[in-house]
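Structure first, commentary second.
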Amino acid sequence: MATRYGAVMSPRLAVVVLLALTLAAGCKGGGDDATDAAPSGAQTNLAAALQRAKDALARGDVVEAVALGQAIVEEHPADLDGRLVLASAYLVQGKPDKALQQANLALTIDEKPAAVWVTKAAALAALGETEQAIEAAKRAIERDPGNVGALTNLSGLYGQKEDWVAQAEVLEKLIAIDEGHFAARLELAKNWLARGNVPAAETAAKEVVSRDPRNAAAQRLLAAIAFEREDYEGALERAKFALTAAPDDEPTRQVLEASFYILVTAEMRCAHGERPWEEADVEKVLEKFRRFGLTGVTSFYELDATYMASEDARARIARAMDGICPGKGAGEPAPGGGGDAAP
């Protein structure tokens, strides 16, 4: 009955984070010789075209953003912003090969801005070129040590490699830049968990919840940790919070259902022995769990059909019974049985 604590940032997610930060940064174009003088009509038109492309991307109209970006680079082939906007649009469109081409062209215009390297790193990450993406992200950080997009992507890339120590260093930098960076704090909690330090993971996740009680991802992680510790009431409480913020979160619902099933079954067996049970007796035990939303006898028996065959579930029920009615859970499988039908 293995729970899922959550994966490290995927290449796709890293791309989206990069996009938001790059567009917000607003790099200066390289090839149109921007100066401190008043902008010419051509420069004004270019700026307006760039803004339209960025706005299209921001509202999710990727087709329009690509078309506008293509028009910009055709008319202004040496404009750095145009290349970066078009690369970002291609990334969101799911065409990382074309995004990489635009990033490389941007580098021929000006390789100094960090945003160019961040864009290239994101394209390489989306193409699965992890090592090259890491090098590009490092080049971005050399130019701008506080570049949140580059650090975020580098953290995700190290996570993919399961280089937990390197990832933790990057995450600590992100948190130092912004103490309210909940995503980085949550990734750090997952990092601790991957290294087997459950107390540190729990502390980090609780820090997120203390600042943002409705953070569904942090509550889900805490629910999963509570489940693994066999604190099923704690898992139910955390899962309930998470589902309030994210009702369609299936992994959290699985933790909720499994915890509910284990507690109800343990109490029923302690009070009434083995099946069959009277429906009224089941209803009485279910009453105490009403606030979690899984209360009906039908709902319970649906879960029973899912989990009853799991050796791990039976072992957990036996240990839960030992906490309610010591000795009555004896004879069940030893901890660590290999059932798969659980969160």
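The values are calculated or read from the model by the stated rules, or taken from the named source; none is laboratory data. This structure is a prediction, so every number in the text was calculated from the model and none was measured. With ideal geometry, Cβ positions are generated from the backbone for all residues, glycine too; neighbour counts draw on all protein chains shown.
Applying the condition of being over 27 Å from ARG211 (Cα atoms) and not basic (Lys, Arg) to segment 149-170 and asking which residue is surrounded by the fewest Cβ atoms within 10 Å (Cβ to Cβ) yields GLU162. Restricting attention to segment 279-309, the residues that are touching a residue at least 24 places away in the same chain (Cβ under 8 Å) and among the charged types (D, E, K, R) add up to 2.
Residue pairs whose Cβ atoms lie under 7 Å apart, separated by 6 or more positions or on different chains, with the first residue in segment 103-114 and at pLDDT 95 or above and the second part of a loop (DSSP other than H, G, I, E, B) and not small (Gly, Ala, Ser), are PRO113/CYS27; ALA114/ASP144; ALA114/ASN147. Within segment 99-123, being under 24 Å from LYS161 (Cα atoms) and out of contact with any Ser or Thr (no Cβ under 8 Å at 6 or more places or on another chain) holds for LEU100, ALA114, VAL116, TRP117, LYS120, ALA121, ALA122, ALA123. Go through LEU107, LEU91 for me and flag whichever is in the same structural domain as ALA150 (by TED's automatic domain parsing), in a helix (DSSP H, G or I), under 28 Å from the mean Cα position of the chain (by Cα) and within 23 Å of LEU151 (Cα to Cα). Only one candidate qualifies: LEU91. Inspection of segment 218-239 identifies at least one residue that is buried (at least 24 other Cβ atoms within 10 Å of the Cβ), farther than 30 Å from MET308 by Cβ and not polar (S, T, N, Q). For segment 309-343, a tally of residues being at pLDDT below 85 and either in contact with a His (Cβ under 8 Å, 6 or more places away or on another chain) or under 21 Å from ASP281 (Cα atoms) (or both) returns 2.
More than 21 Å from ALA115 (Cα to Cα), touching a Ser or Thr at 6+ places or on another chain (Cβ under 7 Å) and in the same structural domain as LYS206 (by TED's automatic domain parsing), is that true of GLU187? Judged against the criteria, GLU187 is a match. Only one of the numbered conditions (1) of a type outside the set (Gly, Ala, Ser); (2) in contact (Cβ under 8 Å) with a residue 24 or more places away in the chain; (3) assigned by TED's automatic domain parsing to the domain that holds ALA194 is violated by GLU169, and that is (2). Listed conditions (1) hydrophobic (A, V, I, L, M, F, W, C); (2) touching a Leu at 6+ places or on another chain (Cβ under 8 Å); (3) buried (at least 23 other Cβ atoms within 10 Å of the Cβ) are all met by VAL209, apart from (3).
Can you give me the number of residues within segment 59-85 that are within 16 Å of THR108 (Cβ to Cβ) and either touching a residue at least 60 places away in the same chain (Cβ under 8 Å) or in contact with a Lys or Arg (Cβ under 8 Å, 6 or more places away or on another chain) (or both)? It would help to see each step written out before you state the result.
We begin by selecting, within segment 59-85, every residue within 16 Å of THR108 (Cβ to Cβ); these are 73, 76-84.
Those still in the list that are either touching a residue at least 60 places away in the same chain (Cβ under 8 Å) or in contact with a Lys or Arg (Cβ under 8 Å, 6 or more places away or on another chain) (or both) too: 73, 80-81, 84.
Looking only at that region, the number is 4.
Of all the residues in segment 117-148, those that are in a loop (DSSP other than H, G, I, E, B) and either surrounded by 23 or more Cβ atoms within 10 Å (Cβ to Cβ) or on the phi > 0 side of the Ramachandran plot (or both) number 2. Of everything listed in (1) within 18 Å of GLY149 (Cα to Cα); (2) of a type outside the set (A, V, I, L, M); (3) over 28 Å from the mean Cα position of the chain (by Cα), the single unmet condition for GLY69 is (1). Can you tell me which residue within segment 171-196, out of those that are in a helix (DSSP H, G or I) and among the acidic types (Asp, Glu), is surrounded by the fewest Cβ atoms within 10 Å (Cβ to Cβ)? Of everything passing the filter in segment 171-196, GLU172 is surrounded by the fewest Cβ atoms within 10 Å (Cβ to Cβ).
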